[in-house]
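Okay, so here's the structure we're looking at.
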Amino acid sequence: MGRRFSLTPDVPSRKRKQTRPGHGVDLQGTARLWARRGGAIPKFAPRVFPRQPGRLAVLWDVSGSMEEYVELYLPWLYQLVHRLPRVGVFPFAAELVDATEVLRGPYAVARVRLGQFSRVFSGGTRIGEAVREWLDRFGAQWLGGGRLTLLIISDGWDAGDPEALVLALRTLYSRGVVIVWMNPLMATPGFSPHTRALRAAKPFVRLMISGHSPNALLTLST
């Protein structure tokens with residue numbers, strides 16, 4: 001996996017160590033360069049802009065219908081937490097928890113600790129209620145401070161009220177959050193977003209992507 005998630009484009013940063021060449025010429029830098037070389041030369045110092053990856057919050061459906069994909073997504077999400085400076089992972093099914101700090105530890109320990117969230121890995125899925133709970137509990141922390149990508153990983157099978165999902169996603173959309181939905185069933189021949197949850201979410205989702213295999217996940221990294 002590369003060092004930057006492609007769905008979190010770079011945003012300005014005050015940390016000069018996270019810089020890369022940008023467009024334009026750095027006039028002062030060019031003057032210093034020419035002074036070191038003893039006069040004008042056909043070379044210019046490029047302007048350098050501080051950049052860092054944008055923020056990413058992942059709402060990860062771990063209900064019964066998504067159980068078979070846990071072993072696919074867990075290593076990938078573990079790498080995201082360790083590679084990106086501003087990422088959060090929130091598994092949900094019957095309940096929603098913040099698993100970010102758990103995933104910061106050794107992988108074997110993280111697997112064991114995630115398994116202890118027995119109340120989460122059980123029951124049906126109410127996606128709208130989960131998104132609303134995330135907003136209520138973590139919205140103040142995540143919605144401020146610049147661009148945010150919210151990645152929902154779910155097959156869209158939902159026992160909850162689709163109107164609850166509409167209301168929650170509308171709130172996020174109105175706050176400028178980029179909503180991306182990853183569905184492992186998208187690669188299935190003849191797939192169409194026909195569940196109530198997917199139909200309800202469609203007006204607010206910037207992009208629906210497949211996450212059905214390691215290769216599909218790796219293509220999202222650069």
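The values are calculated or read from the model by the stated rules, or taken from the named source; none is laboratory data. This is a predicted model, so every value here is computed, not measured. Every residue, glycine among them, receives a Cβ derived from its backbone with ideal geometry; neighbour counts consider all protein chains shown. Side chains are part of the model used for accessible areas, which takes the heavy atoms of the whole protein and leaves out ligands, DNA and RNA. Shrake-Rupley method; radii C 1.70, N 1.55, O 1.52, S 1.80 Å.
The table that follows gives values for the structure above.
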quantity: In the range 195-221, the residues that are among the polar types (S, T, N, Q), open to solvent by less than 90 Å² (accessible area, probe 1.4 Å) and either part of a helix (DSSP H, G or I) or within 24 Å of ARG83 (Cβ to Cβ) (or both); calculated: SER210, SER213, SER221
quantity: The range 42-65, subset modelled with pLDDT under 90 and aliphatic (A, V, I, L, M), residue surrounded by the fewest Cβ atoms within 10 Å (Cβ to Cβ); calculated: VAL48
quantity: Meets criteria (hydrophobic (A, V, I, L, M, F, W, C) and modelled with pLDDT under 85) for LEU172; calculated: no
quantity: Selection within the range 137-174 - assigned to a helix (DSSP H, G or I), open to solvent by 10 Å² or more (accessible area, probe 1.4 Å) and touching a residue at least 12 places away in the same chain (Cβ under 8 Å); calculated: ARG137, PHE138, TRP142, PRO162, GLU163, ALA164, VAL166, LEU167, ARG170, THR171, TYR173
quantity: Single residue of ASP158, ASP136 found to be in contact with a Lys or Arg (Cβ under 9 Å, 6 or more places away or on another chain) and closer than 16 Å to PRO91 by Cα; calculated: ASP158
quantity: Residues of the range 114-136 satisfying the condition of being surrounded by fewer than 16 Cβ atoms within 10 Å (Cβ to Cβ) and either at pLDDT 90 or above or hydrophobic (A, V, I, L, M, F, W, C) (or both); calculated: ASP136
quantity: Residue in the range 175-194 that is open to solvent by 80 Å² or more (accessible area, probe 1.4 Å), more than 21 Å from LEU74 (Cα to Cα) and outside any loop (DSSP other than H, G, I, E, B) present; calculated: no
quantity: Residues of the range 147-169 satisfying the condition of being over 18 Å from the mean Cα position of the chain (by Cα) and not β-branched (Val, Ile, Thr); calculated: TRP157, ASP158, ALA159, GLY160, ASP161, PRO162, GLU163, ALA164, LEU165, LEU167
quantity: Qualifying residue in the range 68-80 (condition: of a type outside the set (Asp, Glu), open to solvent by 10 Å² or more (accessible area, probe 1.4 Å) and modelled with pLDDT under 70); calculated: no
quantity: Condition broken by THR149, with the remaining ones in (1) closer than 21 Å to SER65 by Cα; (2) in contact with a strand residue (DSSP E or B) (Cβ under 7 Å, 6 or more places away or on another chain) satisfied; calculated: (1)
